[in-house]
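Notes for the one structure printed next.
Every number here is computed from the coordinates shown, using simple stated rules; none is lab data. Because the structure is predicted, anything quoted here is derived from the model rather than measured. Cβ sites come from the backbone with ideal geometry, for glycine too, and all protein chains shown count toward neighbours.
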Amino acid sequence: MNKMSTILIKNADIITMNPEKEVFSGVDLLIENGIISKIGSNITNQADITLDAKGKVVMPGFVQTHVHLCQTLFRGLAENRQLLSWLREKIWPLEAAHDENSIYYSSLLGIGELISGGTTTVLDMGTVNHTDKIFEAMLTSGIRAIGGKAMMDSGNNLPENFCENVESSIQESLRLYEKWNGAENGRIGYAFAPRFILSCSDKLFSRLKELSDSLNIKIHTHACENSDEGKEVFRLKGMNEFEYFNKMGLLNKNFLAAHCVWADDNDIKLIKDNNVKVLHCPSSNFKLGSGTLNIVKLLNEGINVSIGADGAPCNNNLDMLQEIRTSALLQNVLNNSGSIDAYKFLEIATIDGAKTLGLDEEIGSIEAGKKADIIILDLKNDFHSWHSDEADIASRIVFSAKSSDVKTVIIDGKIVMKDRELLTVNKETVLNNCKAEIARLLVRVK
Ligand SMILES: [Zn+2]
C-alpha cells in the first residue's frame, strides 16, 4: 500500500483530545500525505481509500513511554521475583544471550502486540547490544518510535558482554543516533538510555549530561522503582536517586524517568521544579511487587505523567487499554474514587505521552495539520463493550474496552492494521521465528 495514499474516514465519532476536548459525532476525516488535512461534515474529496466508521470511535493512537522490545521473547521466563534478582539472575543473562535474529523477532513480536492494541508510538529502552536490529523492526513495522541502546558500564552481576566502558558506550550511542534519529521522515527518534544508577558510573552520567544538553537528546532511565534498589543507591552514593541525578545536573525537561514509585516529597519537588517527565508502569510495579505510584499527587503538582507497559516479562503483556484501566483502578484505591476522571486517562494515554516525548506538536490529538496516528475502535458489537447510549465515552474506553476492540490502526498516514489484520507484520512468520529463536537463545544462555 502506498504510504502517501489519501484516506477518507466517513461518519466517525471522533474523540479529538484537542485542547478544547472536542468530541464530534458522525463526521468525516481526511488524511493527505500522512497529515490530517480536514475534519468536518460531508467531506467530498476523492480519496484512494475510504473507511466507513459509522458507529465507531476514532481517536489518536496510544503513546507508550516505557517499553523493552528486546524482552518480549522472555515473557513468562522470569516469574515470581523482585526487581534486582529479576534483572541480575534472569533478565540480564537472557538479554546478553541475544543475537541479531533473536532481538529482531523479539522486537517484532512486541510491536505486533502494541499495534494490535492501538499503540502507535513507543519509547523503547533497548539492551546493550544489537540495537540496530530493534530499529530495523521499528522501521519495517511502521510504528512510531524513539529507541536507544541501554547503557551499562558498572555495577554488580553484569554479564560479560554488558560491561562497556564509558567511551565505547557513548560512541555506540552516538553512532546509533546519527544513523536513526529522524529516520523515515521523523517517525524514528533516538534517546540516550542509561539503564539505572546501579549500572552506570558517575563518569557516564557526566558525559551524557554534556551530550544531552549540547545535542538536545532526551535521557530515558529507570528511577526509584524498588525499595532495595533505592537502598543500594544510598549505600553507593550516600544520597537518594533524584538527589543524585540533581547533583549530576541531569534533571530538566529532557529527563524521562520510569517508575518513580519510591519518590518522596523531596524527589517530587525536584521532578516538578525541573520539569522531569514521569513514566508510570502500574502493571509492572504490581507484578514485580515494587509498589504503587500515586499519580494524583504528581498531577496536582502539574507534573506530566504518561504510561508504559514496561517489558513483557514483568507485566506480562503490552496492552495499553489494560494499562490505563489498571492505573485508573489503582488511583481510585489510593485516593477517592474519581479523583482522576476517565477522560484524563485518555489524555495520559495520548497527548500527555506525546508531551513526554516532545512530540505534542506532531501527534497525540486529532487536529488538522497533525500527523495521522489514528485508531478506530468498535465499542458496540460485543458482550463486554455493550453500553447504554447514556454512558460516558471515556469511561467506556478506560474501563470496558479491550485491545480486540481496536479494529484499524493508522500510523503516519499509513494503514498498518485493517479490521484486525496486521498489514506490516506477518504474524505467522513472527510467531514461528520467535519459537525457533528462543529455543536457540536458551541454549546460548546456559
Ligand atoms: Zn523498564
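Relative to the longest principal axis of the Cα atoms of the chain, helix 166-180 runs at roughly 20 degrees. Summary of the geometry: the range 37-70 and the range 192-242, compared by the centres of their Cα atoms, lie 38 Å apart.
In the range 62-356, a dipole from Cβ-located charges (positive for Lys and Arg, negative for Asp and Glu) runs towards its positive end, and of 65, 299, 313 it is 299 whose Cα lies farthest in that direction.
Shape call for the range 169-276 from the C-alpha gyration tensor, a ≥ b ≥ c root eigenvalues: rounded (a/c under 1.5), prolate (a/b greater than b/c) or oblate?
On the way: a/c = 2.09, a/b = 1.74, b/c = 1.20.
It comes out prolate by the Cα gyration axes.
Amide H to amide H, with H built 1.01 Å from N, residue 150 comes under 5 Å of 126, 127, 128, counting only residues 5 or more places away or on other chains. Each Lys and Arg adds +1 at its Cβ and each Asp and Glu adds -1 at its Cβ; summed about the Cα centre, the range 62-356 shows a dipole of about 360 debye. Loop-located trypsin sites (Lys or Arg not before Pro) in the range 321-398 (DSSP state other than H, G, I, E, B) with a sparse environment of at most 13 neighbouring Cβ atoms within 10 Å: 380.
Cα centroid separation, the range 362-421 to the range 334-360: 16 Å.
Were the residues from residue 139 through residue 168 laid out at 0.36 nm apart, the gain over their Cα-Cα distance would be 7.9 nm. For the chain, the Kirkwood radius over C-alpha pairs fed into Stokes-Einstein at 25 °C and 0.890 mPa s yields D = 112 µm² per second.
To the nearest 10 degrees, how steeply does helix 131-141 sit against the main Cα axis of the chain, on a 0 to 90 scale? In the chain, helix 131-141 runs at an angle near 10 degrees to the longest axis. The long axis of helix 227-237 is offset from the longest Cα principal axis of the chain by roughly 50 degrees. Measuring against 28 Å, Cα to Cα, the residue pairs 253/414; 209/237; 90/269; 56/149; 203/272; 10/133 contain 253/414; 90/269; 56/149; 10/133 as the ones spanning a longer distance.
Largest GNM mean-square fluctuation across 108, 29, 77, computed for the chain with C-alpha springs under 10 Å, falls on 77. When the alpha carbon coordinates of the range 383-442 are projected onto the principal axes, the ranges are 53, 30, 18 Å, largest first.
The GluC sites (Glu not before Pro) of the range 36-96 that DSSP puts in a loop, and whose beta carbon has at most 14 other beta carbons within 10 Å, are 79.
Per residue, the chain reaches -10000 deg cm²/dmol at 222 nm when only DSSP H runs of four or more residues are counted, each adding -39500 (n - 2.57).
Within the listed set 147, 186, 230, the residue fluctuating most in the Gaussian network model of the chain (springs between alpha-carbon atoms under 10 angstrom) is 186.
Converting phi to 3J(HN,Hα) with the Karplus coefficients 6.51, -1.76 and 1.60 and the offset θ = phi - 60°, the range 311-316 yields x, 4, x, 10, 10, 10 Hz in sequence order, with x at every glycine or proline. Taking trypsin sites (Lys or Arg not before Pro) across the range 11-57, the ones in a DSSP loop with at most 15 further Cβ atoms lying within 10 angstrom of their Cβ are 21, 54.
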